[in-house]
Amino acid sequence: MILSDKRILEEMGKSTIKIEPFRRSCLGSNSYDVHLGGHLATYRDHLLDAKKHNEINHFEIPDEGFVLYPNVFYLGVTEEYTETHEHVPFLEGKSSTGRLGIDIHATAGKGDVGFCGNWTLEISVKQPVRIYKGMPIGQLIYFPVDGEIEEKYDKKKNAKYSGQANRPVESMMWKNVF
């Protein structure tokens, strides 16, 4: 079951869902449109290593936009800061974004109950496309949870992505033990 627009507003009133900035015009019948923040990043090294801290270079999207190219992996960020304390948030691309050949996540479309922060986007494109800060980039949908949560994401000691700022965050896979 997905929360409707009325239920999203009710949950925001109870502070179990937080979206900042919130624009009523971005609330769909069962989703909320999120926008591309002003920063992108790319990995410094061409070869990434899952056991190593792969560092990234941050850059700002200029007002005239920025052209994304195929075969380059970009990290972006949502303009919106969100908190989800009682529901499972899912971030999906918008159909308009997909029709431009833009994928906004490689695998990480689901958040955890207790996630607080801006969403890092894992962006790839099928052909060159110019993007702009503030453009609609995806949509959040919320699912209720069946059962009690023992420990929310923002309370876990090993939560690697809690409190993400408004800049893309690189993979923290290297913090895992394997």
Residue within the stretch 66-79 that is farther than 21 Å from P21 by Cα, among the charged types (D, E, K, R) and out of contact with any helix residue (DSSP H, G or I) (no Cβ under 6 Å at 6 or more places or on another chain) present: no
Matching entry among E11, E92, E86 (being surrounded by 12 or more Cβ atoms within 10 Å (Cβ to Cβ), touching a residue at least 24 places away in the same chain (Cβ under 8 Å), of a type in the set (D, E, K, R) and touching a Pro at 6+ places or on another chain (Cβ under 9 Å)): E86
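Listed here are the residues, each with its yes/no results for (1) closer than 29 Å to D5 by Cα; (2) touching a His at 6+ places or on another chain (Cβ under 8 Å); (3) surrounded by fewer than 16 Cβ atoms within 10 Å (Cβ to Cβ).
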position	(1), (2), (3)
E60	no, yes, yes
N71	no, no, yes
S96	yes, no, yes
D112	yes, no, no
T120	yes, no, no
I137	yes, yes, no
K157	no, no, yes
V169	no, no, no
Residue match in the stretch 137-158 (condition: polar (S, T, N, Q) and at pLDDT below 95): yes
Any pair with Cβ under 8 angstrom, 6 or more apart, that starts in the stretch 159-178 at a residue that is closer than 20 Å to I104 by Cβ and hydrophobic (A, V, I, L, M, F, W, C) and ends at one that is at pLDDT 85 or above and loosely packed, with under 13 Cβ neighbours inside 10 Å: M173/A50; M173/K51
Looking only at the stretch 139-150, and only at residues there that are in contact (Cβ under 8 Å) with a residue 24 or more places away in the chain and assigned to a loop (DSSP other than H, G, I, E, B), the one that is surrounded by the fewest Cβ atoms within 10 Å (Cβ to Cβ): V145
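The values are calculated or read from the model by the stated rules, or taken from the named source; none is laboratory data. No experiment lies behind these values; they were computed from the predicted model shown. All Cβ positions, glycine included, derive from the backbone under ideal geometry; neighbour counts span all protein chains shown.
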